[in-house]
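The values are calculated or read from the model by the stated rules, or taken from the named source; none is laboratory data. Just so you know, these numbers come straight off a predicted model, no measurement behind them. Here the Cβ positions follow ideal geometry from the backbone for every residue, glycine too, while neighbour counts run over all protein chains shown. These accessible areas exclude ligands, DNA and RNA; they are computed on the full protein's heavy atoms, side chains included. Shrake-Rupley method; radii C 1.70, N 1.55, O 1.52, S 1.80 Å.
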Amino acid sequence: MSSPELCITIQCQNGKVLSQNLINFGEYTIGTSADNSIPIESEHVSRHHAKLSVTEDSLVFEDLGSSNGSIINGTSVKCPTIIDTNQTVQMGDLFLTVQTYSQNASTPRLHFSNDMVGSGRYTLKQEVGRGGGGVIWLSHDQHLNQSVALKLLPPDLENDPVALNDLVGEVQKARLLSHPNIIRIHDYIRVPDETPFVSMEFVDGSDLGTLRNQQPNGLFSWERLEGLVNQMCSALEYAHGEQIIHRDLKPANMMITREGNLKLADFGIAASTSEKSPQANMEGDASGTIVYMSPQQMRGTMPAPSDDIYSLGATLYDLLSTHPPFFKGDIHQQVQQEPATSLSTRLKELGITNNIPAHVESAVMKCLEKNPADRPETIKELSDLLHPGAHPPPPPIPPPEHIPEMESVLAEPIETTQKFLEKNIPPTVKSWWQTQTPKNKDIILVGVITGILFLAEIIFSKLQGDNLFDSFSNPRLFLPW
C-alpha cells in the first residue's frame, strides 16, 4: 500500500495557521523543543507534548504527559487514542487537525463560544465533539429558547453540491424517526457565508466509547451492557420498520444519558431501503467506519438491515473484548474473507478475563457471519438470541461511570487555571488594622484609650479654669470622673 497523502495543520484559537506539514507512515512527535518532528511555539504546549502514529489502518494520538494536557471531543486524553482525518485535537491553546492532502483542501474552520450561526438564531455555547463528520456544539436556540446540538459540517462538504444534496435527503429521512432511544433530528440549515449545519436534540451525557475507557481493563461486562443493548435493539427495530438503515453503528454513536438510557446518534449517512433506483444499485455506498462495517457495505451494495446487524455485532465484540473483530493489518481483506476470532479466544489471546454468557457470545459471532443469510434475519431475532427466555431483559442500570459536567473544550485544564491565578491575581487588599498581630492590637488599644483619657483631662481643666494643665498642677481625683 502506498503512503497516505496526509497533512497536519496547527492553528491557534483565532484560526490562524501556524504550520502545515505533510506526513507519511511513521511516528511524529509534537512540542516546543526543536528536536520534535513537528516543532511549534506556544507557552501552553510542553517541550514534548504529544505523539502521532500513522499506520495503514489508523491515526493514533498520544499525549506524552504534557503540563496542559490534550483534549479530544471535549475529554482530556491520557492513553493512545484513535482519531479520524478532519478531527481536531486541542493541545494547550493550539489545535491540531490531520487532513487528507489536497492543493484545494480548505483550512479547518474553528468556531468559538458565543459565536452566532444560522443568521443569529443559534448561539454556540460549548464544543462537545469532533470527528470526520463535523463538529458538534451545544447551542442555544434563540427562537425556541432551548438547548440544541448543532453539527457543523466539514469544510470540504461545503463546496460539494452533490454531497450536500445527498445530506439533505438523508436529513429528510432521519427527521421521520421518533423514538425514545434515537436522537431527534430537527433541521438542515444553510445560509450564505456560513458553515452548513444540522440541528438536533441535545443529549447531556457521554458515549459508550468514552465510558468504556473508564472500565477495568477497558471493557464492559455483559451485566453493564445488557439493558443498553436492549434499548439499542428497540431503536434499530423501529428504524428498520421505517425502512431506514443506520450504516454507521459504533460506540461513539451510542450516547448514554445521565439517567443511564441509550440514545442512538448520527443517522447522518442513513439510507432508506425503499430507494431501489438503478443508479443507487449501481453505485452503492461504502460510508461508515471500516472496523465495524459489513463486507457488503464495504463493497457498496444496496443497504440492508443485515449491515446494521453486522455492525452491532462488531460493536458488541469491541465493547466486550477491547478491540473490534479486525483491527490491524489489511482490514478490508480480513472483513471480506477471514472468519472472526471467537470472543473467548480473543480474550485468552489478550490475557483478559470477562465472563460472557455462552448465548451472548454465540449471538455476537452469528452477527459477524460473512453471508447475510447466516446472520440473524432481523433485529428482533438478534434481541431474542441475546435475551432468551420468557423474562424481559433488565432495564439499564444508572451509570456508575463518571460523566463529566459540560465544560468548554476551549477551556484550559483547571490545574493550569489555578496555577495562573496563584501567580497573577494580586493579594487580597487588607486594611492596616487587619495586618497587625493580636499583641500589637492590644498595645495600640491601650495607647489609644490612654491618649483619649489624657485629652479629656486637658479639656476638663480648661473648662474649669484658665490653665489647660491646672489639674496637673493641683492634683485631685481624676476630674472627668
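Filter region 133-151 down to residues that are open to solvent by less than 30 Å² (accessible area, probe 1.4 Å) and modelled with pLDDT under 85 and give me whichever is nearest to the chain's Cα centre (by Cα).
Here the answer is Val135.
Name the single residue that is least open to solvent (accessible area, probe 1.4 Å) among those in region 292-336 being over 17 Å from Leu382 (Cα atoms) and acidic (Asp, Glu).
My answer is Asp318.
For region 176-195: of the residues being open to solvent by less than 70 Å² (accessible area, probe 1.4 Å) and modelled with pLDDT under 85, which is farthest from Asn230 (Cα to Cα)?
Checked region 176-195; the qualifying residue farthest from Asn230 (Cα to Cα) is Glu194.
Can we say Ile10 is in contact with a Leu (Cβ under 8 Å, 6 or more places away or on another chain) and open to solvent by 60 Å² or more (accessible area, probe 1.4 Å)?
The answer is no for Ile10.
Identify, from the list Val171, Val128, the residue that is at pLDDT 80 or above and in a helix (DSSP H, G or I).
Sole residue among the options that is at pLDDT 80 or above and in a helix (DSSP H, G or I): Val171.
Does any residue of region 244-259 turn out to be in a loop (DSSP other than H, G, I, E, B), farther than 22 Å from Gly134 by Cβ and touching a Pro at 6+ places or on another chain (Cβ under 8 Å)?
The answer is yes; a qualifying residue exists.
Given the criterion farther than 27 Å from Arg212 by Cβ and modelled with pLDDT under 90, identify the matching residue among Ser3, Ser70, Ser46, Ser33.
Step by step, each of Ser3, Ser70, Ser46, Ser33 is checked, and only Ser3 is farther than 27 Å from Arg212 by Cβ and modelled with pLDDT under 90.
Taking the stated definitions as given, is Arg175 out of contact with any helix residue (DSSP H, G or I) (no Cβ under 9 Å at 6 or more places or on another chain), closer than 28 Å to Gly118 by Cβ and not aromatic (Phe, Trp, Tyr)?
So Arg175 fits the description; yes.
Every residue in region 177-211 that is outside any loop (DSSP other than H, G, I, E, B) and under 25 Å from Pro161 (Cα atoms), please.
Ile185, His186, Asp187, Tyr188, Ile189, Phe197, Val198, Ser199, Met200, listed by residue number.
Could you pull out the residue among Ala373, Ala363 that is of a type in the set (A, V, I, L, M, F, W, C), surrounded by fewer than 16 Cβ atoms within 10 Å (Cβ to Cβ), at pLDDT 95 or above and part of a helix (DSSP H, G or I)?
Criteria check complete, one pass: Ala373.
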